[in-house]
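The structure appears right after this line, and notes come after that.
Taken together, the values in this text are just the output of simple stated rules run on the coordinates, not laboratory data. Treat the numbers as computed from the prediction; the structure is a model and nothing was measured. All Cβ positions, even for glycine, are placed from backbone atoms using ideal geometry, and neighbour counts span all protein chains on display.
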DNA sequence: TATGAATGAGGTTTCATTCAT
DNA sequence: GATGAATGAAACCTCATTCAT
């Protein structure tokens, strides 16, 4: 019934959008192909015309979001006209915008994508590893030029990533500010001064 | 393995311990009742003599760990002989010890326990909510007595919790220090001074 | 491939030819309508403009080949100018030619056509039954005129048919001769003298 | 319901027996796991306690029968007290007995086992190849010692195998004799003298 | 208490066939 | 005629849970 003949691309996008909703609501494991098909208003078989299997639509969502997410991060160029802190602030701003725009995807990426699958874990693990290494090197560089305080860089990176992940995951939720600007300001203050008052 | 008559409590504990291993290795979804029974060296049916269902053993693990975890956190008493920062430091120390002692449980709690089940999510959500509220109030109190810098407390709490969760999750992993002391030192520095050098 | 407007008959023949290839390569069960359409270079729907269903194209192939096969067999006329053995030899020759020309069809007929379908089995069974009866009568006639040795005719027919089927199925394969003449010579020798040396 | 608790081996044997019936009646492709389970009087899931999948029970049947079949064939020892022809006759006798005892298995092996699966085809192909090579060598040896007439051995082997297969497949069917002795006699006559009268 | 055979609901996936364009 | 998107029946297989022994 529902069907109403769509172009291939339209239908694919429609299924992806519905899958995003369903995964967001139920998580990967609880979301069945049936749920996705029903939400889309197509028959079960139709799903398989567009995606090889359940895992693959999840992967498609993640991969796409991942790409958009990483595209928001620009390497900080110490020689640029913009001061490094401004560059950092802009990176954070873009990430917060994304988190506010697509909370469902952010939740899927940050909460569901872990522990699904050996292949997936490898992929995610590789990303975090690469990110960590990159950030550690950045911190070390920052320490050298006096921008970053001294300390155990791997641990500092983990702390920073953890703090950021929590914000990205909960952006727009609960009592957190709804504006990217506000989020960025507070994150920057956290990075600049921690939580405690100057003693 | 099996055999060796056990008291009910011993047997239950034995199954719990094996389940912890299995959940830690495969995650909740991939871990079957069979895996747990086999690891314990008992028959499938025996499992059900000790636990109502698969969910309930997971819940038992989480609940128990949860209790132990929260028991490590002592409310900070401003009037105590110990300075508040020392009290905070001791809290962190106990948490890091726990994370280093039981990485599997920490992983299960922090990674797998989310999105399993409406009931579970509610329970976890309530905990985080309560924790957040408590921490927010603590921060506000801290701000009042000049111990905590000014700022959006919900956001500050989220940043702090995120940073801490990341450490607890990865404690003893990768390039992070293996000692609770080292972890605590760096976390405290992070809370005290952020990441950046004093400008 | 596709395009090039064809007359109905041409298109039908084209699909049949491709189906033959596909069935030959994958067998009836593994060959999907999609495989056939793709090989032909037409859309799936087009297939159904020419054939009622998947079974029917298989049946069309078999029926057609069957007709060609049986048309190669001429009843042996004892009164003809040609000696009966020559007539037999010519029958065999035509069959071997067919097998060498169309190994795929022969494989399909001899290997795949069995056990597909009650209807099909009935049809094939009827053919074999009729063939057997006919051959039994021929053998009996041959026995009467002293051309065929004494023996249990149904069994002798089965032995002969089996031997022949194996050759027709494997003609041009493995280490068997590639020429119809060679095949016929050896088959005739087998019929005339068995395998063993005159004791 | 049905279940009635069996020992593992009993139940396995029971399922195998029912599967044999079902495969014999419907062929591999048409036979569903449900058919087999229903025939056995157990639930679908029970089937999977005993066999990994549908293919594997088929393979188990074939492998077992295959082993029994090949165990009936004894290499012909020219130096033995028994004359070679007697040894051949005894081989044939054992095969015919098997075919009369287990017509369903014979049908499955000879008709269904072909074209199921790449792996299966390989296995069967290897068997036939080995058998052919062995028989060709035997024939050549026979030719050397004057027991077998001259001729193209691969072709002679194919003819002989084909004739035998047809008998084994149809033993006890139609108008063929029901006794192994009668079958063997006629097969031997065929091998010794072909079908035609001495000209 | 312990066992492990049995169950069957629930999910996945394939593909012959239909039908709107 | 031709297309290919859509359908849904039909099989497969897994595993949490029950229950007879």
How far is residue C:44 from the same spot in each other copy, in nm, shortest first, if each label point sits 7 Å from Cα toward Cβ?
-> 1.6, 2.3, 3.7
Place the label 7 angstrom along Cα→C-beta at residue C:67 and in each other copy, then list the distances from the first to the rest in nm, shortest first.
-> 5.0, 5.5, 8.4
Axis carrying D onto A: which residue of D has the nearest Cβ, and how far, whole Å?
-> D:53, 9
Helix-only [θ] at 222 nm, chain D, -39500 (n - 2.57) per DSSP H run of 4+, per residue, nearest 500, equals -23000 deg cm²/dmol
Starting from the Cα of residue B:144, step 7 Å along the direction of its Cβ; do the same at residue B:13; then give the gap between the two resulting points in nm.
-> 4.4 nm
Would you give the gap between the C-alpha center of the stretch D:27-82 and the C-alpha center of the stretch B:113-183, rounded to a whole Å?
-> 61 Å
Taking the stretch C:1-116 and dividing mean pair separation by its residue count, relative contact order in percent (alpha carbons under 8 Å, at least six apart) | 29 percent
What average count of beta carbons from other chains do you get within 10 Å of the Cβ of residues in B:181-194?
-> 6
GNM, chain D, Cα, under 10 Å: largest mean-square fluctuation among D:118, D:17, D:37?
-> D:118
Relative contact order [Cα under 8 Å, 6+ residues apart], chain D, whole percent = 19 percent
Percentage relative contact order, the stretch A:1-51, counting C-alpha pairs under 8 Å, at least six apart = 40 percent
With a ≥ b ≥ c from the Cα gyration tensor eigenvalues, square-rooted, and the rule rounded for a/c under 1.5, otherwise prolate when a/b > b/c and oblate otherwise, chain B is prolate
When a footprinting reagent is the concern and you count Cβ atoms within 10 Å, what order do D:131, D:147 take, fewest first?
-> D:131, D:147
In degrees, nearest ten, helix D:84-101 long axis to first principal axis of chain D (Cα) | 20 degrees
Distances in nm between the label point of residue A:55 (7 Å along Cα→Cβ) and its equivalents in the other copies, shortest first, are 1.7, 2.6, 3.7
Please find, in a Gaussian network model of chain B (springs between Cα atoms separated by less than 10 Å), the residue of B:102, B:21, B:166 whose mean-square fluctuation is greatest.
-> B:166
What shape does the stretch A:84-189 have by the C-alpha gyration tensor, where a ≥ b ≥ c are the square roots of the eigenvalues, rounded means a/c under 1.5, and otherwise prolate means a/b greater than b/c and oblate the rest?
-> oblate
Could you give the angle, 0 to 90 degrees to the nearest 10, between helix D:54-71's Cα long axis and the longest principal axis of the Cα atoms of chain D?
-> 30 degrees
Helix C:118-144: inclination vs chain C longest Cα principal axis, degrees, rounded to 10, gives 20 degrees
By the gyration tensor of its Cα atoms, with a ≥ b ≥ c the square roots of the eigenvalues, what is the shape of the stretch D:88-144: rounded for a/c under 1.5, prolate for a/b over b/c, or oblate?
-> oblate
